[in-house]
DNA sequence: ACGCCTGTTGCATAATTATACGAAATATGT
DNA sequence: ACATATTTCGTATAATTATGCAACAGGCGT
């Protein structure tokens, strides 16, 4: 069904950077939607998604990603914006990730994470300048941590 | 010069919808900048411009345009962004303005206001979910309050 | 001046994205 | 049910966009 697939697209681009329509088609395939790049192109048009260049920390080889316009700048979600702006450091151990923020903003970051409701995350605790994120399964920690790192480093221009 | 040309690009896309990089190159040519599509592509990357599909009400033949993400609906400054995102309410009396925020983010808002260093503002106090802004002259309060309100009304989320 | 570095650009082409068209599916009316 | 629109989608291809590379330009220290 077109509409459910398009919902899946919105969900995908909100959680990780999607660099091309082919990539998106493959991701959808892994979720059971068999579609071609042509269909993805049409979906993107329907959804009004914007393609924005990424400031990729390293050198050349620019990449892009698709975002929902209307979210300020090119952030894919409110969580993305909050993390890109406020998280200074990100470390993890066993099933815990500790995020450091400027003084006073930890609770804000924690609530943004809660709001996003990632299934791998059991919950968060926000102090003054520290957020503790509890991961359900220690094996999932690297994935979640990587996603945080991505949001931090793949800031739109 | 690259920077002046890029300024011209920003001005062009703000004025009329630009549907392709070739078209943009031609427009620039008419203003005296002789550039190829390749250069335009690089300028667009530098400027972080997003390519968004136009909902062309009528028939098929979709078109696109380039936009400055964040600036159309977006934020002129860090303070703008913070206020748009975090300030839930804004009231004032005599020479004081009270801003209400989500729990835990008041200090963040207060420090953003401090950082902006508006001359009319004597100082701020940030608690948990409340910021107190002290205005120098009660007569200036409506002006400052209006500026907060303006920033608040442009929240894109 | 000379060499060296950094940045900008055009050319040609690779990579990506959009679309015309026909087929299959789905809806709509009779 | 049947015929007729309308929608959706894949294929192939056109259109658009990005980039490797070489050339050139300016800055800077020697």
Taking max minus min of the Cα coordinates of the range A:78-153 on each principal axis, largest first, gives extents in Å of 30, 23, 21
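For the ranges A:23-33, B:26-36, A:42-52, A:124-134, what's the packing order if you count other beta-carbon atoms within 10 Å of each residue, average per peptide, and put the highest first? Show your work: numbers first, answer last.
Details: A:23-33: 15.0, B:26-36: 13.0, A:42-52: 19.2, A:124-134: 17.5.
Going by the mean number of other Cβ atoms within 10 Å, highest first, we get A:42-52, A:124-134, A:23-33, B:26-36.
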Cα-projected label distance for residue B:37 with residue B:139, points at 7 Å along beta-carbon direction, nm = 6.1 nm
Taking square-rooted eigenvalues a ≥ b ≥ c of the alpha carbon gyration tensor, is the range A:2-67 rounded, prolate or oblate, where a/c under 1.5 means rounded and, failing that, a/b exceeding b/c means prolate?
-> prolate
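Under the 0.36 nm per residue contour assumption, what length would be gained going from the current alpha-carbon distance of residue A:100 and residue A:46 to full extension?
Details: separation 54, 0.36 × 54 = 19.44 nm, distance 3.87 nm.
Extra length from residue A:100 to residue A:46 when fully extended: 15.6 nm.
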Can you give the average number of partner chain beta-carbon atoms within 10 Å of each beta-carbon in peptide A:40-52, as a whole number?
-> 4
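Read the figures in this text as sums done on the coordinates, not as results from a lab. Just so we're clear, the structure is a prediction, and the values are computed from it rather than from any experiment. Here the Cβ is made from the backbone with ideal geometry for all residues, glycine too, and neighbour counts use every protein chain on show.
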